[in-house]
Structure formats: C-alpha cells, structure tokens
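Q: Dropping the structure in here first, questions after.
The values are calculated or read from the model by the stated rules, or taken from the named source; none is laboratory data. A quick note: this is a predicted structure, and the numbers were derived from the prediction, not measured. Cβ sites come from the backbone with ideal geometry, for glycine too, and all protein chains shown count toward neighbours.
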Amino acid sequence: MRNRVNTNKKKKVAIIGLGYVGLPLAILVDKKGYESIGVDIDENKVKMLNDRTFPFITEKNIVRQFQKGSFKATTDFDSIIDAEIIVICVPTPVYENNMPNLEPLKSACENIALRLRKGHLVILESTVNPGVCDNVIIPILEGKTGLKCGKDFYLAHCPERLNPGDKKWTIENIPRVIGSYNEKGLKKAIRFYKSIISAEIKPMKSLKEAEAVKIVENTFRDINIAFVNELAMSFSYLGIDVVNVIEGAATKPFAFMPHYPGCGVGGHCIPVDPYYLIEYAKNVGFDHDFLSLARRINEKMTEFTAQLTVRALNERRIPINGTRVAVLGLAYKPEIDDCRESPAFKIIKHLKNYGADVVVYDPYVSDGSTVSSLEEAIKNSPAIVIVTAHKVFKSLTPQELLRNGVSVVIDGRNCLPKDDFIKAGILYKGIGR
Ligand SMILES: NC(=O)c1ccc[n+]([C@@H]2O[C@H](COP(=O)([O-])OP(=O)(O)OC[C@H]3O[C@@H](n4cnc5c(N)ncnc54)[C@H](O)[C@@H]3O)[C@@H](O)[C@H]2O)c1
C-alpha cells in the first residue's frame with residue numbers, strides 16, 4: 001500500500017515508553033505533522049529529552065529531526081486524555097529465570113485505563129506472545145472504565161521491527177503487519193500507519209496473529225543462529241572453517257539462507273522473545289522443544305568463548321590464571337551503546353572464574369569499560385577477546401597487536417582477516433574457524 005499525504009495535521013498522538021522503539025516513533029509522528037507527546041516514567045530521560053539531548057546513540061538524521069522538531073516528553077499520563085491515538089512502546093523483558101515480565105506493560109495499561117475515553121485508538125508496538133492483547137490488555141482497559149473494546153475504544157497491535165543501526169531498513173520503510181480487535185479498529189490503525197510510513201502494511205486477521213508474527217520472526221533468527229553456533233562448536237573440533245562452509249552453501253540460489261555463528265546472542269529481542277512463546281505454550285499444555293534447545297545452544301556460546309581463550313593460552317603455554325585478557329566490546333552489536341542481554345557480561349564472568357585478569361573496553365560504553373582507550377586495553381594483554389564487531393576493533397592489525405604483547409586473538413564475531421593474523425604469528429581462534 002502506498003503512503004498518503006497526511007491530512008491529520010495536529011491530531012495528537014501519545015507514545016508511551018520513550019526507548020529505542022518509542023522515541024524514533026515519537027520523532028517520526030512529529031515529523032509527519034501530528035502533535036507528538038511522549039510519556040515515560042523515567043524522569044531523567046524526560047528532562048534530557050525536553051533539554052533536547054538524545055539519550056542514546058542513534059542515526060544522525062533521527063537526532064537532527066529530534067532537535068528541530070516540536071515533540072515533547074512528560075511523566076504525566078494526563079497528557080494522553082486529549083490524544084486520538086495512544087501507542088504503547090514499553091519494554092517486555094524476561095526475569096532472571098527467563099519468565100516473561102509483563103509488569104511494565106500492565107502498569108502502562110493501568111495508567112491508560114484511568115484516562116481512557118470513547119474513541120481512543122490504542123496501539124501496542126511492544127513485542128508480546130499471542131494472547132496478551134486479548135487476555136491481559138483488554139481486561140485492564142475495559143475493567144477500570146466500563147468501556148467496551150471495539151465499540152467505545154479500539155485496540156490494534158503493530159509489532160515494531162526496528163533494527164537499530166540499520167541504514168537500509170528504517171522506521172519509515174520497514175513493512176508492517178497490523179492486527180486488531182475488530183475491523184473498525186484495523187482500518188483506523190492502517191490509516192494512521194499509512195500516514196507515517198511508506199511501506200507495505202499487511203492486515204492480519206486478529207490481534208493474536210499479529211502477536212505471533214513478531215515472535216515467529218525473532219524465533220526464526222534464534223533457531224538459525226543456534227544451528228550455525230552448534231556447527232561452529234562441532235567444526236572447531238573437526239578442523240573445518242564453518243564460515244567458509246556457510247559461504248559455500250550460500251552459493252545455492254534457493255532454499256538456503258546464511259546465518260553466522262558468534263560468541264552469543266544479545267539485545268532486547270532475539271534472546272528474549274522466544275521465552276514469551278515457550279512459556280505461553282507451556283501454560284496451555286505444549287512444550288516447544290526446538291525453541292528451548294535453540295536458546296540453550298545460544299546460551300552456551302559465552303562459556304565456549306571463554307574455553308577457547310583458555311585452550312588458546314594453553315597452546316602458548318600461558319596459564320589463564322593471573323593473565324591479563326582484554327575483552328573488546330560490551331554492546332550487543334556494532335556501533336551502538338545498547339548492552340541489553342549482551343553476551344559480553346557472561347564472557348567476562350566466565351573468564352574471571354578461570355582466574356583471568358580481565359580489562360574491558362567499548363568506545364561506546366564508558367560506564368562498563370575498565371580502561372579508557374583501545375591502546376590501554378591491548379597493552380600487555382597476552383590475549384584479546386573481540387565480543388562486538390565495532391569498526392575500531394575490525395581495523396586492528398596483527399603488527400599493532402604484536403607490538404603490544406598480544407599473541408592470542410579470540411575473534412568472537414569472526415570479523416578479522418584470519419589468514420593475515422595467522423601469517424603474522426598470532427594464535428587466532430574464531431567461532432568455528
Ligand atoms: N530495541 C529494539 O531494537 C526493538 C525492536 C523491535 C521491537 N522491540 C520491542 O519494543 C518494546 C520496547 O523496546 P525498547 O528497546 O524501546 O525498550 P527501552 O527499554 O529502550 O525503552 C522503554 C522505555 O519505556 C519506559 N517505561 C517502562 N515502563 C513504563 C511504563 N509503565 N510507562 C511508561 N514508560 C515506561 C522506560 O523508562 C524506557 O524509557 C519491547 O517490547 C521490545 O521487545 C524492540
């Protein structure tokens with residue numbers, strides 16, 4: 001479907017939750033001519049935003065749009081009362097035991113329910129398992145108000161697919177799916193998204209279908225990554241370079257989609273969302289063996305990476321106990337500062353358990369870095385472990401490393417030219433290569 005000129009000038013849209021998803025949306029809504037108000041419980045963030053300071057690293061054009069726009073942030077939920085549309089973008093994490101944590105979502109819905117009025121269109125963008133809209137959100141919204149979903153107010157689900165740091169697929173051109181409680185709500189939600197994005201919008205038959213789409217997308221990735229991670233572990237014993245094999249297989253023009261192994265899966269989505277489906281299905285009597293196995297394999301990669309380090313140091317007759325090891329990268333992916341569910345933390349923990357003297361450096365994450373420069377990190381570190389493929393790490397040369405006393409390189413992202421390092425006399429180990 002094609003984008004339309006927005007005729008809804010200065011209709012008010014309220015975005016609840018101003019994080020990696022909600023904030024770019026609030027900025028886009030403002031750019032498209034709506035009155036855009038963001039509501040967040042984090043007072044510091046709201047203050048920063050109203051002082052026109054962007055709270056995390058993102059694309060320059062988003063920051064520019066934010067600085068010249070008129071989007072406002074507040075902690076006051078009353079500002080949603082006169083909005084036409086309320087979009088929920090709060091986090092949906094898991095607890096330490098991997099059980100879904102719907103508390104932020106429930107709390108946001110309770111705050112909305114206190115202000116809900118006839119005609120409101122509520123849209124959920126957060127990722128949830130099938131059934132959350134029907135069994136959690138609607139009862140909260142209806143319960144406190146006596147208003148009826150589909151008659152007095154409308155509920156739609158348009159799961160966000162944003163991929164932070166992706167220059168090709170942006171909030172404006174990623175196709176979307178939308179499910180709704182009823183046809184009228186669906187039409188209203190489609191009209192809204194057509195006014196802000198220029199991409200295909202696929203209507204789904206129900207809220208449940210839309211919820212399932214998002215979980216399936218992210219679970220697909222988790223399972224495929226688990227497959228190549230398992231191959232990587234096996235091939236490291238068989239002496240086969242798994243990356244070369246995947247690249248060979250990828251020359252088949254159909255029925256193969258390359259995925260690549262690594263030292264762990266991070267971020268707020270891939271390592272989290274499968275648990276939402278696993279737990280939901282368990283409650284209704286079905287065990288997702290395949291999904292659970294994929295999670296277990298991907299969880300193992302941090303320990304595998306630490307063991308690679310131990311084995312490589314051992315080959316060089318260096319005990320890990322008391323040896324300085326530089327962990328390079330804390331963010332879960334390159335050129336961003338988001339560390340949620342990053343494998344780096346577990347790798348650091350495992351290395352410390354082996355007795356390593358760990359130093360940490362990420363140019364985007366000063367909080368978690370224990371040294372203030374890359375030079376300082378590598379100096380006198382017999383081993384380095386690359387956890388994030390930041391450009392600055394990819395440009396490290398064997399000569400530079402050797403000059404600083406590095407003789408073992410564990411390339412957790414398979415991002416360095418392996419042959420150059422081996423030729424220079426460095427003991428290089430990638431993940432399955
Ligand atoms: N980050 C991504 O790349 C991405 C991509 C697609 C989908 N998602 C999904 O989008 C949702 C939001 O993720 P995110 O990465 O933007 O999270 P985030 O943690 O970056 O931001 C969430 C914001 O919501 C605020 N918040 C928490 N509870 C609140 C409440 N009760 N009321 C109001 N505000 C509240 C927090 O203070 C925070 O500012 C999640 O369901 C996530 O799975 C995320």
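Q: List the residue pairs whose Cβ atoms are under 6 Å apart, where the first residue sits in segment 152-173 and is within 27 Å of Glu84 (Cα to Cα), the second is among the basic types (Lys, Arg) and assigned to a loop (DSSP other than H, G, I, E, B), and the two are 6 or more positions apart or on different chains.
A: Asp152/Lys118
Q: Considering each of Glu335, Glu279, Glu341 in turn, give the residue that is in contact (Cβ under 8 Å) with a residue 40 or more places away in the chain, part of a loop (DSSP other than H, G, I, E, B) and closer than 29 Å to Ala212 by Cβ.
A: Criteria check complete, one pass: Glu341.
Q: Could you tell me whether segment 135-152 includes any residue that is closer than 18 Å to Ile27 by Cα and in the same structural domain as Thr92 (by TED's automatic domain parsing)?
A: Filtering segment 135-152 for residues closer than 18 Å to Ile27 by Cα gives none.
Scanning segment 135-152 turns up no residue that is closer than 18 Å to Ile27 by Cα and in the same structural domain as Thr92 (by TED's automatic domain parsing).
Q: Among the residues of segment 232-245, are any in a helix (DSSP H, G or I), over 25 Å from the mean Cα position of the chain (by Cα) and of a type in the set (Phe, Trp, Tyr)?
A: Yes - at least one qualifying residue is present in segment 232-245.
Q: Ok, one more. Quick one: how many residues across segment 271-294 are within 16 Å of the ligand (Cβ to nearest atom) and within 21 Å of Gly131 (Cβ to Cβ)?
A: The number of residues fulfilling the criteria is 9.
Q: Pick out the one residue from Ile81, Ile86 that is within 25 Å of Lys187 (Cα to Cα), surrounded by fewer than 16 Cβ atoms within 10 Å (Cβ to Cβ) and either more than 9 Å from the ligand (Cβ to nearest atom) or modelled with pLDDT under 95 (or both).
A: Exactly one of Ile81, Ile86 is within 25 Å of Lys187 (Cα to Cα), surrounded by fewer than 16 Cβ atoms within 10 Å (Cβ to Cβ) and either more than 9 Å from the ligand (Cβ to nearest atom) or modelled with pLDDT under 95 (or both), namely Ile81.
Q: Of all residues being among the hydrophobic types (A, V, I, L, M, F, W, C) and away from the ligand (no atom under 12 Å from the Cβ) in segment 320-341, which is farthest from the chain's Cα centre (by Cα)? Just the residue, please. Please lay out each step first, then the result.
A: Just the residues of segment 320-341 that are among the hydrophobic types (A, V, I, L, M, F, W, C), to begin with: 320, 325-328, 330-331, 336, 339.
Right, trim to away from the ligand (no atom under 12 Å from the Cβ) and you get 320, 325-328, 330-331.
Numbers: Ile320: 32, Val325: 27, Ala326: 25, Val327: 21, Leu328: 20, Leu330: 14, Ala331: 11 Å.
Ranking the qualifying residues of segment 320-341, first place goes to Ile320.
Q: Could you count how many residues in segment 132-184 are over 22 Å from the mean Cα position of the chain (by Cα) and on the phi > 0 side of the Ramachandran plot?
A: So the count comes out to 2.
Q: Would you point out the residue of segment 28-58, among those that are surrounded by fewer than 16 Cβ atoms within 10 Å (Cβ to Cβ) and among the aromatic types (Phe, Trp, Tyr), that is nearest to the ligand (Cβ to nearest atom)?
A: Looking at residues that are surrounded by fewer than 16 Cβ atoms within 10 Å (Cβ to Cβ) and among the aromatic types (Phe, Trp, Tyr), I get Phe56.
Q: Please verify whether Pro104 is under 27 Å from Val272 (Cβ atoms) and in contact with a helix residue (DSSP H, G or I) (Cβ under 9 Å, 6 or more places away or on another chain), treating the condition exactly as stated. Even if it seems obvious, please write down each step before you answer.
A: Details: under 27 Å from Val272 (Cβ atoms): yes; in contact with a helix residue (DSSP H, G or I) (Cβ under 9 Å, 6 or more places away or on another chain): no.
Judged against the criteria, Pro104 is not a match.
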